[in-house]
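Have a look at the structure below before the remarks.
The values are calculated or read from the model by the stated rules, or taken from the named source; none is laboratory data. Just so it is clear, the model here is predicted, and its values are computed rather than measured. Note that we place each Cβ from the backbone using ideal geometry, even for glycine, and neighbour counts take in every protein chain shown.
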Amino acid sequence: MLTLNQLHPAPGGVVRAAEAYARPAGHPRPDGHDRAADLAPDGPAPHVTVNMVSSIDGAATLAGRVGTLTGPADQELLHVLRSLCDVLLVGAATIRAEGYGPVRALPELVERRRELGQAPAPRLAVLSRALDLDLGSSAFTAAVERPLVLTTEQAAPERLVAARAVAEVLVVGEDTVDLVAAVGRLAAEGLPRVLSEGGPRVLGGLFAADLVDELCLAVSPVVVAGAEPRITSGPSLATPHPMRLGAVYERDGFLFTRWLRSPRG
Ligand SMILES: NC(=O)c1ccc[n+]([C@@H]2O[C@H](COP(=O)([O-])OP(=O)(O)OC[C@H]3O[C@@H](n4cnc5c(N)ncnc54)[C@H](OP(=O)(O)O)[C@@H]3O)[C@@H](O)[C@H]2O)c1
């Protein structure tokens, strides 16, 4: 089971990733309120965590893939975070670039999921306007839990039919998926613990909609230069979105940072 060296708060300790990431990071807010702690067994509010990796110089990809930025500890943490969530929200371009397989929980965390009333595996939820998806891929055909596809009223009817053969399709918005409504629909479906793995356009949209409760950002010990995308893209926010540092861990030269939503000034 993945362990991490804690650097902040209270440096010097070693934490088990599954335990550390299962509870809110850092100290409670000064007013004592933390949205993560609002997750109650009956009718919980949605909680959105995002997991991304970047190079030291801020690149989110190299040659269109995450591949060379990631490493064993980062991959293990990715699977831990998946094992803690109800639903994994991913943009269609990331699915196309990274070639997702079936989303599963780590075997050692399945019992914990059962105790919490979660399904054995998280559900995959793909955001797509165009529905240009590889519906024959194992992400759909070998899924433990039926995937969701979140799309718009503009989706082509024949693509909707094809998607409905392998997934539950939710139409949430006229020409773009309304992310606030979508996250609300996921919570209403019994999937309040949302984990997003991006990509940058999805993360930009989640920040624009003020939906990100926690950003888990791994800094990979590499520099790539070039004009690679950052972890967010899309229109700039009118004002910088404040976040507060919840925790920092280290493993194998990677820095694992946890940033928590902070009330806007
Ligand atoms: N560093 C990291 O941690 C990380 C993480 C994930 C991905 N990546 C990389 O990022 C790249 C892909 O990211 P990206 O920013 O280009 O794309 P993305 O965010 O993965 O996906 C964008 C696509 O998602 C759909 N989408 C997003 N928001 C939507 C909305 N509100 N309504 C309807 N559809 C919506 C659209 O799909 P359609 O085109 O189907 O309409 C859109 O083209 C890949 O190279 C991947 O390797 C890096």
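On the basis of being part of a strand (DSSP E or B), at pLDDT 95 or above and not small (Gly, Ala, Ser), does Leu109 make the cut?
Working: part of a strand (DSSP E or B): no; at pLDDT 95 or above: yes; not small (Gly, Ala, Ser): yes.
Considered against the rule, which asks whether it is part of a strand (DSSP E or B), at pLDDT 95 or above and not small (Gly, Ala, Ser), Leu109 comes out as no.
So in region 156-172, with the set limited to residues that are assigned to a loop (DSSP other than H, G, I, E, B) and surrounded by 18 or more Cβ atoms within 10 Å (Cβ to Cβ), which one is farthest from the ligand (Cβ to nearest atom)? Steps first, answer last, please.
At the first step, the residues of region 156-172 found to be assigned to a loop (DSSP other than H, G, I, E, B) are 156, 167, 172.
From what's left, surrounded by 18 or more Cβ atoms within 10 Å (Cβ to Cβ): 167, 172.
Values: Ala167: 13, Val172: 8 Å.
Result: Ala167.
Suppose we filter Val169, Val180 for residues that are aliphatic (A, V, I, L, M), at pLDDT 95 or above and touching a helix residue (DSSP H, G or I) at 6+ places or on another chain (Cβ under 9 Å); which single one remains?
Numbers: Val180 fails: touching a helix residue (DSSP H, G or I) at 6+ places or on another chain (Cβ under 9 Å).
Testing whether each residue is aliphatic (A, V, I, L, M), at pLDDT 95 or above and touching a helix residue (DSSP H, G or I) at 6+ places or on another chain (Cβ under 9 Å) leaves just Val169.
Select from region 176-222 the residues that are more than 22 Å from Arg96 (Cβ to Cβ) and touching a Lys or Arg at 6+ places or on another chain (Cβ under 7 Å) and write down the one among them that is nearest to the ligand (Cβ to nearest atom).
The selected residue is Cys216.
Could you please tell me which pairs satisfy a Cβ distance under 9 Å, a separation of 6+ or placement on different chains, a first residue in region 197-211 that is over 13 Å from Val183 (Cβ atoms), and a second residue that is near the ligand (Cβ under 7 Å from one of its atoms) and among the acidic types (Asp, Glu)?
Glu197/Glu98; Gly199/Glu98
Does region 213-222 contain at least one residue that is over 13 Å from the mean Cα position of the chain (by Cα), part of a loop (DSSP other than H, G, I, E, B) and touching a residue at least 60 places away in the same chain (Cβ under 8 Å)?
Looking only at region 213-222, we keep the residues that are over 13 Å from the mean Cα position of the chain (by Cα), and these are 219-222.
After this cut, where a residue has to be part of a loop (DSSP other than H, G, I, E, B) as well, the list is 221-222.
Those still in the list that are touching a residue at least 60 places away in the same chain (Cβ under 8 Å) too: 221-222.
Yes, region 213-222 contains a residue that is over 13 Å from the mean Cα position of the chain (by Cα), part of a loop (DSSP other than H, G, I, E, B) and touching a residue at least 60 places away in the same chain (Cβ under 8 Å).
Give just the number: which of (1) farther than 21 Å from Leu186 by Cα; (2) in contact (Cβ under 8 Å) with a residue 24 or more places away in the chain does Ala165 not satisfy?
Just one mismatch for Ala165, condition (1).
Considering only residues that are under 21 Å from Gly173 (Cβ atoms), more than 15 Å from the ligand (Cβ to nearest atom) and either surrounded by fewer than 21 Cβ atoms within 10 Å (Cβ to Cβ) or of a type in the set (D, E, K, R) (or both), which ones fall in region 78-134?
Step one: filter region 78-134 for residues under 21 Å from Gly173 (Cβ atoms), giving 87-96, 123-133.
Pick out the ones that are also more than 15 Å from the ligand (Cβ to nearest atom) and you get 87, 123.
Selection gives Arg123 alone.
Among the residues in region 34-50, are any under 18 Å from Phe254 (Cβ atoms) and at pLDDT below 95?
Scanning region 34-50 turns up no residue that is under 18 Å from Phe254 (Cβ atoms) and at pLDDT below 95.
Spot the failing condition for Asp175; the list is (1) free of Cβ contacts under 8 Å to residues at least 40 places away in the same chain; (2) under 23 Å from Leu148 (Cα atoms); (3) surrounded by fewer than 16 Cβ atoms within 10 Å (Cβ to Cβ), and only one is missed.
The number of the failed condition is (1).
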